[in-house]
1. Which value results for Rg/Rh of region 107-255 when Rg is the Cα radius of gyration and Rh the Kirkwood radius based on the inverse mean 1/r?
2. Please sort through the DSSP H helices of the chain and keep those with an alpha-carbon extent of at least 27 Å along the long axis and a Kyte-Doolittle average not below -1.0.
3. In whole angstrom, how far apart do the alpha carbon centroids of region 94-122 and region 162-235 sit?
4. Could you tell me the relative contact order of the chain? Use alpha-carbon pairs under 8 Å, at least six residues apart, and round to a whole percent.
5. Treating only the Cβ of Lys, Arg, Asp and Glu as charged (+1, +1, -1, -1), what charge dipole size does region 151-282 show about its Cα centre? Round to the nearest 20 debye.
6. Starting at 0 and stepping by 10 Å, how many percent of the alpha carbon pairs of region 75-164 end up in each bin?
7. Rounding to the nearest 20 debye, state how big the charge dipole of the chain is about its Cα centre with +1 on each Lys and Arg Cβ and -1 on each Asp and Glu Cβ.
8. Quick one: length gained pulling Thr96 to Leu122 fully straight, 0.36 nm per residue minus the C-alpha distance?
Amino acid sequence: MPERIATPIEQAIHTPMLAPELETLKQPETPIKALPEKEVIIWTPRFMVTFALLAVIWLSAGSLIAQGLQNHLPFLSPNSKILLVETVFVFGGWITLLFTSRNTWLRLGSICGGAWGILSLLNFALRTFIPHLDDALIAYFTTAPSIVLLGTYACLSIHRTPIKRWDSYFVALLPLVGALVVLGLYFFSPLDARSLENIESWMGITARCLGIAIWWLRPSCWKTQTSPTILFGLASLLSLLFSIPRLITGADSVFLPQVAMLCFFLALCRLIQGELRHQKHT
């Protein structure tokens, strides 16, 4: 049979239609994009309403208590009695956070916060039931909770926060900075002012200032933990203001400590809510 050239029609009939499939196989596969992680919503409508109600009730009660103490109502005095009751609520918040958290840093912070609560309860109980205390003892029970609270802040500010170079240097140098500040105040103060009470007062003020700095001078805390950063920093700022002698007097000296306790309590509510929401989505 003689050779012949196939016509275009015969080529279309006998040639397998594989060209499109081969081209498809030659094309690189499109990488499958990873699905974004589901965002954990902490500020649910129910939590926002509860948060607002707690703030309104606490502030209203604090205002009434301040006015009652100004009017010399006997069942409200001294002021340490009110702070003792409010510290019980804050201490309960630390215990609740300890049992609901799974993160190591958060548990360490809760343990330190519980120690702060015990020292604060002892401080306010002594002031309430023992009216005449030694000044050195009062200075000690005022300073010790501030130092323990600084360790609490260091642990809580690391929780779910990206640790950058500035954060590492800041937390590592924190004890050294505090020691240098106290030593500077000691050596540059007059000799008659270097009493034990003054030294402990300087240590307490320094610890409160560093507590504010550990939250407010770190951008990573503002980005990842905005609410605790504002509330814990504000609580330490108020504590610093009314710890300075003769700076705040009158009804403000009664009302501002209660606002500081409210900031502690609301910050703990936010941390507990965050842990519960994260556990629900994991």
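1. Taking Rh as the inverse mean 1/r over Cα pairs, Rg/Rh reads 0.99.
2. Once both thresholds are applied, what remains is 45-70, 79-100, 104-129, 135-158, 165-187, 196-216, 252-280.
3. What the calculation gives is 20 Å, centre to centre.
4. Over the chain, the number comes to 24 percent.
5. Charge dipole, region 151-282, about its Cα centre: 660 debye, nearest 20.
6. 17, 41, 27, 12, 3, 0
7. 240 debye
8. 7.3 nm
Readers should treat all values here as calculations from the given coordinates under stated rules, not as data from a laboratory. Remember, it's a predicted structure, so these values are computed and weren't measured experimentally. Here Cβ is always computed from backbone atoms with ideal geometry, including for glycine, and neighbour counts include all displayed protein chains.
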